[in-house]
Amino acid sequence: MAEKVIARSARKVYPSMAGDVPAIVDFDLSIEEGEFVCLVGPSGCGKSTFLRILAGLDDLSGGEARIVPGTDPKRPLNNVVFQEYAIFPWKTVLENVAFGLEMRGVPRAERLEIASSWLAKVGLKRFASYYPSQISGGMKQRVSIARALANDPEVLLMDEPLGALDAQTRAVLQEELLRLWEESHKTVLYVTHSIDEAVLLGDRVVLMTAHPGTKKSEFVVDLPRPRDLSTTSTARYAELTGAIWDDLRDEVRAAMEAQR
Amino acid sequence: MKAFLPIAGMVALALFASLFGLWTDWWVVIFAAEFTLLVVALEALERRLPFRLHTPYQRMLAWLFPLLLLASWQWLATSGIINPRWFPPPSRIAEALWQLIVNYDRFNETSLIGRPWLIPSRLAESGWAGVQALFAESHVWATLSRMLVGFVIGSVPGIVIGMIMGLNRTVRAMLDSTMSAIYVLPKIAIFPLLMLVFADPFGEGPKITVVAISAFFLVALSTMAGVQGIDPVLIQAGKNFGANRWQMFRHVILPASLPIVFSGLRLALGTSLVVIVAVEFVRSQSGVGYLVYYNWQVLSPAKMYAALLVIMALGVGLTAALQFIERRAMPWRR
């Protein structure tokens, strides 16, 4: 399979009064087409920063980090599902999902139809003409996911999309994400705090060190697909999450020390 | 029985005060005590009501208080406890209001609301020009037109400049401190300057301009704050989904800043009313502000109060109109 996301010796520094503060140093990452990769690390390690750089919302200070374009020049390279509800409060649910298509000039009838079918896929067809203030947090994130998927990007970038939700809603949405991914097998970079989530969703889990962030280690998740929540009670799942936490624990301690 | 006690207390207190002639000197204290007892009684009454009647009950209270206020005022003024010259009873104010509406002042060639019942006959006699003359004689129309024209002339550039300042750091850095300084200056103080600038110092020009300037600074600064306060994640989402500069403005920045723009417009509307009334005190022969001032000069306090009532009604009406527009412009805010 072709390489879809390439990062080599990626470096990001922030200017400050006391000189340059490195956020990411010497970061290497390679994602194949159709792979679901989870990026895990302690708070402040730079994983969200890296995702934003890939999304084009921030610049690199050195090295390279890019998405390899595909055959269709009109397909967007990436779309992001943000942690906070980044859907527009002044647009209806349907208009929100159709937003990317509208920006690309897709005619009205066509884009509303595509948006409608994606709403149905995330189970929100009934709420098409509702405003975001009228729906719950979990539903808002589903709209955010539908908006990204409806735009059909080459790579899906997800920045802790379930972080702001309660545990039960999170579990339900994790299963939905698994189901949606099975249909499309998109290339996904998924940033999360949660090792449990990363092992459940991903084909591969990449660990980042505490600030400044660099790649610590990688774990291949060989759990069989298609998966659902019952996967979390298998022995192999416990092995993997245990091994990853052992590796990550020192980094988390280091990050907490640094904050004191 | 809990409600009975405070009501009995109210009656007893009133009788006691009447018996010993305490009203004249002690009416403020007695009223305060009566009000306290009334609140206790009303709360006791509410507790005995079934739950579903609580909201209508509260709404009734909202009407009850002003009615009690008017009734108390009426009694205090007619019995001479408060001086009816400076505090005419509501009955006399209502009569004065009626006079203002119905009468045509031949000396000033004005009436309060322009005698709208004459519109059909004027149309028949002299067509549209006749009706225009009716508008020209109306005090309310004079104030309203000056205010609204000034408000629009000030708000529209205010929104534009405010948006530019919100979006562009350089412009904001240059303009913000200067605008904030001018904003603090009471715009009525600029009025004499405007009288110098305009050809006719007593004409409409300076009046409309001073309203426009007041509105402009308020709307510009609040629009700027609104644009700056847009959640950055929404901007990032717009960019990530491919919006170009014009699309970002139309689909993200404009709708996101509408709530704060409207609250700035509400403030500017209130300020415009204050400014125009103040200006009409000082240099005008027409308008509701002039009416208050003129009736002070000729010592007609009842008509002064009536004019104040009209100003209050204008304020309430304009705010309601703006709220209506707000609800239509922002259907997502419920």
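If the chain between B:A189 and B:A12 were fully stretched, how many nm would it gain, using 0.36 nm times the residue separation less the Cα-Cα distance? Mind dumping the intermediate values first?
Numbers: separation 177, 0.36 × 177 = 63.72 nm, distance 5.40 nm.
Net length gain for the segment: 58.3 nm.
Derived scalar couplings between HN and Hα for region A:189-194 equal 10, 10, 8, 8, 7, 8 Hz in order, rounded to whole Hz, by the Karplus curve 6.51 cos²θ - 1.76 cosθ + 1.60 (θ = phi - 60°), x for Gly and Pro.
In plain terms, the residue of A:F219, B:F16 with the fewest other Cβ atoms within 10 Å comes first and the most crowded comes last, giving B:F16, A:F219.
Across region B:135-329, the volume of the C-alpha convex hull divided among the residues equals 134 Å³ per residue. Calculated FRET efficiency, B:L68 and B:W98, Cβ-Cβ r, R0 30 Å, to nearest 0.05? Calculated value: 0.80. Springs join every pair of Cα atoms under 10 Å in this Gaussian network model of chain B, and among B:R52, B:R115, B:R250 the largest mean-square fluctuation is at B:R52. What the Kirkwood sum gives for chain B is a hydrodynamic radius of 24.3 Å, with every pair of different alpha carbons counted.
B:K207: which lysines have alpha carbons under 18 Å from its alpha carbon, excluding same-chain residues fewer than 8 sequence positions away? Qualifying lysines at Cα under 18 Å: B:K187.
Grab the beta carbon distance between B:D105 and B:S79, set R0 = 25 Å, and tell me the FRET efficiency rounded to 0.05. Intermediate values should be presented prior to the final figure.
Values: r = 33 Å, r/R0 = 1.31.
Efficiency, from the Cβ-Cβ distance: 0.15.
Going by the alpha-carbon gyration tensor, a ≥ b ≥ c the square roots of its eigenvalues, is region B:120-241 rounded (a/c under 1.5) or, if a/c is not under 1.5, prolate (a/b greater than b/c) versus oblate? In terms of gyration-tensor shape, oblate. For region B:76-107, list residues with backbone N below 17 Å from a point placed 7 Å from the Cα of B:D25 toward its Cβ? So the set is B:81-82. Using just its DSSP H runs of length 4 or more, each adding -39500 (n - 2.57), the protein assembly as shown gives a mean residue ellipticity at 222 nm of -19500 deg cm²/dmol after division by all residues.
Reducing region A:139-154 and region B:283-334 to their Cα centroids gives an inter-centroid distance of 50 Å. Taken over chain A, lysine pairs spaced eight or more positions apart, or on distinct chains, with alpha carbons under 23 Å apart number 21. For region B:40-135, the list of GluC sites (Glu not before Pro) that fall in a loop by DSSP and count at most 13 other C-beta atoms within 10 angstrom reads B:E109.
Neighbouring Cβ atoms from other chains, within 10 Å of the Cβ of residues in B:272-279, number 0 on average.
Across region B:204-216, computed HN-Hα scalar couplings (Karplus, 6.51 cos²θ - 1.76 cosθ + 1.60, θ = phi - 60°) run 6, x, x, 5, 5, 5, 5, 5, 4, 5, 4, 5, 4 Hz from first to last residue, x flagging Gly and Pro. For the protein assembly as shown, what percent of Cα pairs sit more than 48 Å apart? That tail contains 41 percent of the Cα-Cα pairs.
Mean partner shielding of peptide A:98-106, defined as the number of other chain Cβ atoms within 10 Å of each residue Cβ, is 4. Over all orientations, region A:67-117 has a Cα convex hull whose mean projected area works out to 4.6 square nanometres. Label positions at A:D59 and A:S217, each projected 7 Å from the Cα along the C-beta direction, are separated by 3.7 nm.
In nm, what is the difference between 0.36 nm times the number of residues separating B:N168 and B:V197 and their Cα-Cα distance? Don't skip to the answer; put the middle values down first.
Values: separation 29, 0.36 × 29 = 10.44 nm, distance 3.27 nm.
Stretched out fully, the B:N168 to B:V197 stretch lengthens by 7.2 nm.
Take each residue of peptide B:238-249, count the partner chain Cβ atoms within 10 Å of its Cβ, and average: the result is 5.
Spin-label pair B:W128-B:A278: with each label point 7 Å from Cα along the Cα-Cβ axis, the two points sit 3.8 nm from one another. Which residues does the label zone of A:D246 cover in region A:32-51, counting backbone N under 20 Å from a point 7 Å along Cα→Cβ? Only A:40-42 pass the distance filter.
How much FRET efficiency would the formula 1/(1 + (r/R0)^6) give for A:A109 and B:L49, where r is the Cβ-Cβ distance and R0 is 41 Å, rounded to 0.05? Efficiency for this residue pair is about 0.15.
Each peptide in A:229-235, B:228-234, B:291-297 receives the mean, over its residues, of other Cβ atoms within 10 Å, and ordering these scores from highest gives B:291-297, B:228-234, A:229-235.
Read-outs throughout are calculated quantities, based only on the coordinates presented, and are distinct from any laboratory measurement. Since the model is a prediction, treat every value here as computed from it, not as a measurement. Ideal geometry is used to build each Cβ from the backbone, glycine not excepted, and the neighbour counts take in all protein chains shown.
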